[in-house]
Amino acid sequence: MGQKCQFCGGKVVYPEQRLCDKHLARYVEKRVDKVLGKILGREEKRFLVAVSGGKDSMGLAHAMAKTDLQMELLHLDLGVPEVSAPVRQVVEGFARDRELKLHTVSLADHGFTLPDLHDHRRDFRSTTCSLCGSVKRYLFNSFAHEHGFDFVATAHNLDDMAAFAVMGLSCGDLQYASRMDYVSWPEPEHRMVGRIRPYFYVPEKASLVYALTQGVPFSEAACPYVTGNKQVAIKGAVAGVEGVAPGFKLHLTKLVKGHKEPSQTSPNQCQLCGYPTAVEVCRFCRIKQKLTDQVEQA
Ligand code: AMP
Ligand code: ZN
Ligand code: ZN
């Protein structure tokens, strides 16, 4: 006989917490609500939910759409042949069905694509994932700022956060690791909108089963450039520790989140775009400048 839900005796869909589909939904949505509850006067705020088309962000958009928040969706089309177009269709179908306003921004509109970032990663002495992450963060913030949103919501989950914590600790860089939080507040004077991560304490498996049991459409397409990504390897190692010591991901994330180191620098304004940067020209503008030159020459 199968396991029974610890609350209602129903069929278990999430054995890690012995929950049926209804109580798993309650568990996930309660965690989402808890993060949203940190934002005072949230009914007056405008939220932009960044949806990649994957299980986490589509599930998060579904959960947030159940609240009374003012929210719209943003999808970045990264221009990966055979991957980006079908993913975009999933997001468009979801937005249409739920009558949610969807904004789509193509990297190509900025003169380059993810494959270009990959081809030129060595010019930046960086990895594809790091470059892609910088570009995404920049575009989430600039789009939200220019369209009057107060917060961008992303669907980083507990497994992402635990891996982030280990990454920071592995370089002995607590300053880096202590940046992780479920809310960062808007800094209008620096043209920075706020950031929320409502899935901060939602394990990846719970997010997957939530999306499946709620009938949320999502794409399972994997990024072709993820091979060799350090964060993916660390995620696997963290899952290994969790297997022998359940609760590890949660405790580690809480511990690192609780350790706050004050930021030592206040940001400059990028000389080209005006958004914050630690140097003279921000990473996005440097990437864009270099890639649009090289792509045009190719
Ligand atoms: P990742 O950096 O791929 O782990 O994604 C982290 C979060 O960023 C996701 O949960 C989404 O909220 C958001 N995100 C990632 N890729 C995209 C995309 N192409 N368009 C919009 N949001 C995205
Ligand atoms: Zn139940
Ligand atoms: Zn710039």
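Could you work out the relative contact order of region 1-160, using alpha carbon pairs under 8 angstrom and six or more residues apart, expressed as a whole percent? Could the numbers behind the result be given before it?
Values: 191 pairs, mean separation 33.9, N = 160.
For region 1-160, the relative contact order is 21 percent.
In whole Hz, what ³J(HN,Hα) sequence does region 201-212 give by Karplus (6.51, -1.76, 1.60; θ = phi - 60°), x for Gly and Pro?
Here the 3J(HN,Hα) series is 9, 9, x, 4, 5, 5, 5, 5, 5, 4, 4, 5 Hz.
Assigning unit charges at the beta carbon (Lys, Arg +1; Asp, Glu -1) and nothing else, what dipole magnitude in debye, to the nearest 20, does region 45-95 show about its Cα centre? Walk me through the numbers before you get to the answer.
Numbers: 5 positive and 6 negative charges, 41 e Å.
Computed about the Cα centre, the dipole is about 200 debye.
Using the Cα gyration tensor of region 155-247, with a ≥ b ≥ c the square roots of its eigenvalues, what is the shape: rounded (a/c below 1.5), prolate (a/b larger than b/c) or oblate (neither)?
Working: a/c = 1.63, a/b = 1.14, b/c = 1.43.
The shape class here is oblate.
Rounded to the nearest 20 Debye, what is the dipole magnitude of region 185-238 about its Cα centre when Lys and Arg each give +1 and Asp and Glu each give -1 at the C-beta? Let's see the in-between values first.
Details: 6 positive and 4 negative charges, 26 e Å.
Magnitude of the dipole: close to 120 debye.
Which peptide among 141-147, 70-76, 161-167, 218-224 comes first, and what is the full order, when sorted by highest mean count of other Cβ atoms within 10 Å? Spell out each step's value before the answer.
Numbers: 141-147: 18.0, 70-76: 20.6, 161-167: 23.0, 218-224: 15.3.
Sorting 141-147, 70-76, 161-167, 218-224 by mean packing, highest first, produces 161-167, 70-76, 141-147, 218-224.
Using 0.36 nm times the number of residues separating T67 and C8, minus their current alpha carbon distance, what extension gain do you get? Show your work: numbers first, answer last.
Details: separation 59, 0.36 × 59 = 21.24 nm, distance 2.44 nm.
Additional length available on full extension: 18.8 nm.
What does the charge count near M167 come to, summing +1 for each Lys or Arg and -1 for each Asp or Glu among other residues with Cβ under 15 Å from its Cβ?
Values: positive: R179, K230, K235, K249, K257; negative: D159, D160, D173.
Combined, the nearby Lys, Arg, Asp and Glu give +2.
Hey, if you put +1 on the Cβ of every Lys and Arg and -1 on every Asp and Glu Cβ in the chain, which of L48, L78, V281 ends up farthest toward the positive end of that dipole?
About the Cα centre, the residue reaching furthest to the positive side is L48.
What length, rounded to one decimal in nm, is gained on full extension from E16 through to L250, with 0.36 nm per residue of separation minus their alpha-carbon distance? Can you show the working numbers first?
Working: separation 234, 0.36 × 234 = 84.24 nm, distance 1.34 nm.
Fully extending the segment from E16 to L250 adds 82.9 nm.
With a/c under 1.5 counting as rounded, go ahead and sort region 1-83 into rounded, prolate or oblate using the C-alpha gyration tensor (a ≥ b ≥ c being the square roots of the eigenvalues; past the cut-off, prolate if a/b is larger than b/c, else oblate).
Numbers: a/c = 3.71, a/b = 1.41, b/c = 2.64.
Oblate.
Given an 8 Å cut-off on Cα distances and at least 6 residues of separation, report the relative contact order of the chain as a percent. Working shown, then result.
Values: 459 pairs, mean separation 60.7, N = 298.
Relative CO of the chain lands at 20 percent.
Please give the charge dipole size of the chain, origin at the Cα centre, charges +1 on K and R Cβ atoms and -1 on D and E Cβ atoms. Round to the nearest 20 debye. Don't skip to the end; give the middle numbers.
On the way: 38 positive and 33 negative charges, 196 e Å.
My answer is approximately 940 debye.
Are there any GluC sites (Glu not before Pro) in region 1-64 that are in a DSSP loop and have at most 14 other Cβ atoms within 10 Å? List them by number. All intermediate terms of the calculation are to be shown ahead of the outcome.
Working: sites: E16, E29, E43, E44; in loops: E16.
Taking region 1-64 and a limit of 14 other Cβ atoms within 10 Å, the loop GluC sites (Glu not before Pro) found are E16.
For region 1-147, what class follows from the C-alpha gyration tensor (a ≥ b ≥ c being the square roots of its eigenvalues): rounded when a/c is under 1.5, otherwise prolate if a/b is larger than b/c, else oblate?
Details: a/c = 2.22, a/b = 1.64, b/c = 1.35.
Because a/c hits 1.5 or more and a/b exceeds b/c, region 1-147 counts as prolate.
Who wins for biggest fluctuation among R121, R26, R98 in a Gaussian network model of the chain, springs between alpha carbons below 10 Å?
So, out of R121, R26, R98, the one fluctuating most is R98.
Computed from the coordinates by the stated procedures, all read-outs in this text should not be read as laboratory data. These numbers come from a predicted model, not from an experiment. Glycine gets a Cβ as well: all are built from the backbone with ideal geometry, and neighbour counts include every protein chain shown.
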